[in-house]
1. Return a yes/no flag: does the stretch 23-32 have any residue that is away from ligand 1 (no atom under 15 Å from the Cβ) and under 20 Å from residue 101 (Cβ atoms).
2. Residue 249 - would you say it is surrounded by 14 or more Cβ atoms within 10 Å (Cβ to Cβ) and away from ligand 3 (no atom under 14 Å from the Cβ)?
3. Would you be able to tell me the number of residues in the stretch 204-227 that are in a loop (DSSP other than H, G, I, E, B) and either touching a residue at least 60 places away in the same chain (Cβ under 8 Å) or under 18 Å from residue 51 (Cβ atoms) (or both)?
4. Among the numbered criteria (1) farther than 25 Å from residue 75 by Cα; (2) surrounded by 12 or more Cβ atoms within 10 Å (Cβ to Cβ); (3) under 22 Å from the mean Cα position of the chain (by Cα), which single criterion is violated by residue 139?
5. Kindly provide the set of residues from the stretch 235-255 that are farther than 29 Å from residue 10 by Cβ and in contact with a helix residue (DSSP H, G or I) (Cβ under 9 Å, 6 or more places away or on another chain), ordered by number.
6. Quick check on the stretch 195-218: of everything there that is away from ligand 3 (no atom under 13 Å from the Cβ) and exposed (fewer than 14 other Cβ atoms within 10 Å of the Cβ), which residue is farthest from residue 245 (Cα to Cα)?
7. Any residue at all in the stretch 184-194 that's over 17 Å from the mean Cα position of the chain (by Cα), outside any loop (DSSP other than H, G, I, E, B) and crowded, with 17+ Cβ neighbours inside 10 Å?
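Just so you know, all these numbers are worked out from the coordinates, no wet-lab data involved. Note that the structure is predicted; figures quoted are calculated from it, not measured. Note: ideal-geometry Cβ built from the backbone for every residue, glycine included; neighbour counts use all protein chains shown.
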Ligand code: IPE
Ligand code: IPE
Ligand code: MG
């Protein structure tokens, strides 16, 4: 893999290889709050600042796409009051931040099964996507009511519909055809998947897309994940050897 020279963020080595597409499982808000004797909601609110800082750091480091896991398809199982806090926060952030994203040339979109959200929230999402649709800067995707299994199932369903309409045959169901129907298909392949909060699992996030992503786990709780921590993750990525099934020698000789 060729090195992308980093000429943008002075905190990164000039030669650092920058992941084109980074996804983050933003975990640890509740524990962050509990450690401070606060309610879990306070952790979610503080987490918004980390979202802001991560978007800025990714954009200024030359990352092409940043995908953030905000609410999983399993998170509906939380107490109703916490789900309510998260929905309100989502709407509040959309209202306040999207104009700023637009000003910075960021293209915003939301992935997941949006049909479960209130019509007000669905409209806010649509309006934000429309506003920023023509932007050519970094693509920021928020995963909301998202599940990796849902994503793959939905893609399979769309292919089945194509077969039913006789647009393709069963032989047309290839990896590439399925990939095309999954969320984020139009973006560069996922290079780096970060999880904060100390757990070592994917929690039904980008199952299809993470096939060859480098995984980075940190104990840092999401509200404490600042620019320095983000740069640390990119630096670790830079030091990894990605072999994609080949031998180390093959990869070394190619560079
Ligand atoms: C992540 O933080 C945010 C969401 C899942 C919405 P958590 O709320 O899961 O925080 P912990 O894991 O309980 O600390
Ligand atoms: C994953 O965190 C989902 C998000 C960060 C939105 P969870 O806190 O829901 O994950 P589990 O339940 O610990 O696996
Ligand atoms: Mg959690």
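1. no
2. The answer is no for residue 249.
3. Our first condition is that a residue be in a loop (DSSP other than H, G, I, E, B); within the stretch 204-227, this holds for 204-213, 218-221, 225-226.
The next check asks that each one be either touching a residue at least 60 places away in the same chain (Cβ under 8 Å) or under 18 Å from residue 51 (Cβ atoms) (or both); those that pass are 204-206, 208-210, 213, 218, 220-221, 225-226.
Count: 12.
4. (1)
5. Once the filter is applied, which keeps residues that are farther than 29 Å from residue 10 by Cβ and in contact with a helix residue (DSSP H, G or I) (Cβ under 9 Å, 6 or more places away or on another chain), the stretch 235-255 yields 243, 244, 246.
6. Here the answer is 215.
7. Taking the stretch 184-194 and keeping what is over 17 Å from the mean Cα position of the chain (by Cα), we get none.
Looking for residues that are over 17 Å from the mean Cα position of the chain (by Cα), outside any loop (DSSP other than H, G, I, E, B) and crowded, with 17+ Cβ neighbours inside 10 Å, one finds none in the stretch 184-194, hence no.
For every residue, the table says whether it meets (1) without any contact (Cβ under 8 Å) to a residue 12 or more places away in the chain; (2) away from ligand 2 (no atom under 16 Å from the Cβ); (3) loosely packed, with under 14 Cβ neighbours inside 10 Å.
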{"residue": "29", "(1), (2), (3)": "no, no, no"}
{"residue": "40", "(1), (2), (3)": "no, no, no"}
{"residue": "65", "(1), (2), (3)": "no, yes, no"}
{"residue": "74", "(1), (2), (3)": "no, no, yes"}
{"residue": "77", "(1), (2), (3)": "yes, no, yes"}
